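Readers should treat all values here as calculations from the given coordinates under stated rules, not as data from a laboratory. These numbers come from a predicted model, not from an experiment. Heads up, the Cβs are rebuilt from the backbone with ideal geometry, glycines too, and the neighbour counts pull from every protein chain shown.
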Amino acid sequence: KLTVLNMSFDSLATALQNGECDIVIAAMTITDERKESMDFSDPYTVSQQYIIVPEEDNDTKTIEDLAGKVIGTHLGTTGDFLVEEEINNGTLAGSTENQYKNLAEGCIAMKNGDLQAIVCDSLLAENLCVVNEGLKCFPVVYADGSATDEAYGIAMKKGDQEFVDKINEIIKPLVEDGTIDGYILEHQQKASLLAE
């Protein structure tokens, strides 16, 4: 029997390690750092980091354009890690990162003028722009043209290869026949209805 737990993203890795859940299906990007503490299924879709800005912002084109600005991120996500890394290495010199457990709060802060940009996964960015009037989003690109492609996988507690193999066996046909892409589209459409 499947039980779904709705948890904040930053608590998912701990919940997995503590045995509070068996799998994490929450737009979890497969990274080398995360592989040290959890196992992953084969990728089931690919995403990118996106930038959200107010519609009237016509100056922000690349991530370097965010230097000196206040940037919101989703706590514990690859967008959070990306912004922190770029602040530390000087690409985003003078920028400040505000982390949120829920980016709906970030959108409110942007509308109030407390944020100049948000960096988060593409699907979340697109949904936030649909349900929050006056915002737009586009892929994170660097001045040299490079981007941030990321693969999502299902995360599991480390060390049970038999379980990983079973999850891969289940998702493989769903990826190949487009079922998962269909799920993503369906839920994007449901999110867009929230704006109506």
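Subtracting the Cα-Cα distance of PHE138 and LYS61 from 0.36 nm times their residue separation leaves 26.9 nm of extension gain. Once the chain from ALA13 to ASP177 is taken as fully extended at 0.36 nm per residue, the excess over their C-alpha distance is 56.1 nm.
Based on the alpha-carbon gyration tensor of the range 1-64 and its eigenvalue square roots a ≥ b ≥ c, which shape applies: rounded if a/c is under 1.5, prolate if not and a/b is larger than b/c, or oblate? Because a/c hits 1.5 or more and a/b exceeds b/c, the range 1-64 counts as prolate.
Say R0 is 30 Å: what FRET efficiency, to the nearest 0.05, do ASN102 and ASP42 get from their beta-carbon distance? Walk me through the numbers before you get to the answer.
Working: r = 29 Å, r/R0 = 0.98.
For ASN102 and ASP42, the calculated efficiency is 0.55.
Look at the alpha carbon pairs under 8 Å that are at least 6 residues apart: their mean separation over the length of the range 1-104 gives a relative contact order of 26 percent. Could you tell me whether the range 81-196 comes out rounded, prolate or oblate from its Cα gyration tensor? Rule is a ≥ b ≥ c as square roots of the eigenvalues, rounded for a/c under 1.5, then prolate if a/b exceeds b/c, otherwise oblate. Oblate, because a/c is 1.5 or more while a/b does not exceed b/c.
State whether the range 35-115 is rounded, prolate or oblate according to the following rule on the C-alpha gyration tensor (a ≥ b ≥ c being the square roots of its eigenvalues): a/c under 1.5 gives rounded; otherwise a/b larger than b/c gives prolate, and the remaining case gives oblate. Here the range 35-115 falls in the prolate category. The stretch between ASP160 and ALA26 holds 46.2 nm of extra length on full extension. This uses 0.36 nm per residue minus the Cα-Cα distance. Think of each Lys and Arg Cβ as +1 and each Asp and Glu Cβ as -1; about the Cα centre, that makes the dipole of the chain roughly 440 debye. Listed by chain and number, the lysines placed with their C-alpha closer than 23 angstrom to that of LYS69 are LYS61, LYS101, LYS111, LYS136; residues fewer than eight positions away on the same chain are left out. Applying a DSSP loop filter and a limit of 14 other Cβ atoms within 10 Å to the GluC sites (Glu not before Pro) in the range 104-172 leaves GLU133.
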